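The values are calculated or read from the model by the stated rules, or taken from the named source; none is laboratory data. Because the structure is a prediction, the values reported are computed rather than measured. Neighbour counts are summed over all protein chains in view; Cβ atoms, including those assigned to glycine, are modelled from backbone coordinates with ideal geometry. Just so you know, the surface numbers come from the protein's heavy atoms only, side chains and all, with ligands and any DNA or RNA stripped out. Shrake-Rupley method; radii C 1.70, N 1.55, O 1.52, S 1.80 Å.
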Amino acid sequence: MTATIIGFVGPKVLRAALSILVVVTLTFVVLRASGDPALQILGPSARAADLEAFRRHWGLDQPLSLQYLRYIQAAFHGDFGNSMLGGKPALDIVLERVPLTLALMIPSLILTMLIGIPVGAYAAMHRDSWVDRSVMMLTVLGFTVPSFVLGLLLILIFSVTLGLFPSGGADRAAGFVLPVLTLGIGGAAIIARFTRSAMIEVLSQLYVVAASAKGVTWRQVVRQHALPNAIIPVLTLFGLMLGGQVAGAVLVENVFGWPGIGQLLVVSVANRDHAVVQVILLLVTLTMTSANLLMDLLYGVFDPRLRASSAGSH
């Protein structure tokens, strides 16, 4: 039993750790190839001596390999550097913004599941009907419209035209509505399509047909047999979508003027504030890999065959 668990969990944890290291390395290299922070922060009119002193103070005059090794060594001790703009620890700056981003992401993820799963299941139960075709058409619109376009449309309708909700800001509860809807609608469309496909596949299985033949009501068949089994692959998709929510927050926060990590990322990239950008992207990567790892482990819990096959292959 222990060997089976190690064989299932071990490779997934190793893959997650390697993914984090690759992203950290690429982020470090790309940021330093994107431009000179000294010129960006001090301005092109700054004296050469000031520019050189700035680079020396932040270690930018060192070889790239040495900068990278020092960064990794410090990161392992919990030191992710200071902001070049204010001098504060980059981690503290980012963590100040995290609660506001989570305040958007958590309700939007809940909204995604509350809408997507029932709608997808209902469409599958009425396959090829006008209801099914209507749902599929709406879901196509939901996940093809970019989040920033959807956000602007919601502002135009509910803020400018109807005046029901504010167009931005996090200073009152009403300001949460439109950003949460913007993040949640696209995700709900994806979950609905995926749930529909999973439900259709499960409903065609022999054990579902046999349950119906034994006189079990259709509602019981769906609730007790079809839906629980259809949810298993949806869990994996949910883990991938969590990363998409983080990426979507970057756009949505800037559309609605939301002071979260998405808005901070845009400002920090524009100012070449390396430490802050690296912390944000590391946090996003940790969120995505942790979510995918958790979903993989849950998948194994719900489907023991996966654990056995994974252990057998190793």
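I'm told Gln220 meets every condition in (1) of a type in the set (S, T, N, Q); (2) in a loop (DSSP other than H, G, I, E, B); (3) free of Cβ contacts under 8 Å to residues at least 12 places away in the same chain except one. Can you identify the failing condition by its number?
(2)
Take the conditions under 21 Å from the mean Cα position of the chain (by Cα) and at pLDDT 85 or above and apply them to Thr161. Does it pass?
no
Taking Leu156 as the residue in question, decide whether it is in a helix (DSSP H, G or I) and more than 23 Å from the chain's Cα centre (by Cα).
So Leu156 passes the test.
So, in segment 282-314, exactly how many residues are open to solvent by 60 Å² or more (accessible area, probe 1.4 Å) and at pLDDT 70 or above?
4
Quick one: is Thr236 over 18 Å from Gly151 (Cα atoms), open to solvent by 30 Å² or more (accessible area, probe 1.4 Å) and either touching a Gly at 6+ places or on another chain (Cβ under 6 Å) or of a type in the set (Val, Ile, Thr) (or both)?
Here the answer is yes, as Thr236 does meet what is asked.
Residue by residue through segment 239-281, note down the ones that are under 28 Å from Leu297 (Cα atoms) and surrounded by fewer than 18 Cβ atoms within 10 Å (Cβ to Cβ).
Selection gives Leu240, Gly243, Gly244, Ala247.
Scan (1) out of contact with any Gly (no Cβ under 7 Å at 6 or more places or on another chain); (2) surrounded by fewer than 21 Cβ atoms within 10 Å (Cβ to Cβ); (3) outside any loop (DSSP other than H, G, I, E, B) for the single condition Phe143 breaks and write down its number.
Of everything listed in (1) out of contact with any Gly (no Cβ under 7 Å at 6 or more places or on another chain); (2) surrounded by fewer than 21 Cβ atoms within 10 Å (Cβ to Cβ); (3) outside any loop (DSSP other than H, G, I, E, B), Phe143 misses just condition (1).
Do you know which residues across segment 95-111 are of a type in the set (Gly, Ala, Ser) and surrounded by 18 or more Cβ atoms within 10 Å (Cβ to Cβ)?
Listed by number, the list holds a single entry, Ser108.
Collect the residues in segment 158-177 that are open to solvent by less than 80 Å² (accessible area, probe 1.4 Å), over 19 Å from Leu111 (Cα atoms) and out of contact with any helix residue (DSSP H, G or I) (no Cβ under 8 Å at 6 or more places or on another chain), keeping them in residue-number order.
Result: Gly163, single match.
Scanning segment 178-199 for residues that are more than 14 Å from Ala249 (Cα to Cα) and over 16 Å from the mean Cα position of the chain (by Cα), which turns out surrounded by the fewest Cβ atoms within 10 Å (Cβ to Cβ)?
Ser197
Which residue pairs have Cβ atoms closer than 7 Å, lie 6 or more positions apart in sequence or on different chains, and pair a first residue in segment 37-57 that is closer than 15 Å to Leu85 by Cβ with a second residue that is open to solvent by 50 Å² or more (accessible area, probe 1.4 Å) and hydrophobic (A, V, I, L, M, F, W, C)?
Within 7 Å, the pairs are Ile41/Leu85; Phe54/Leu42.
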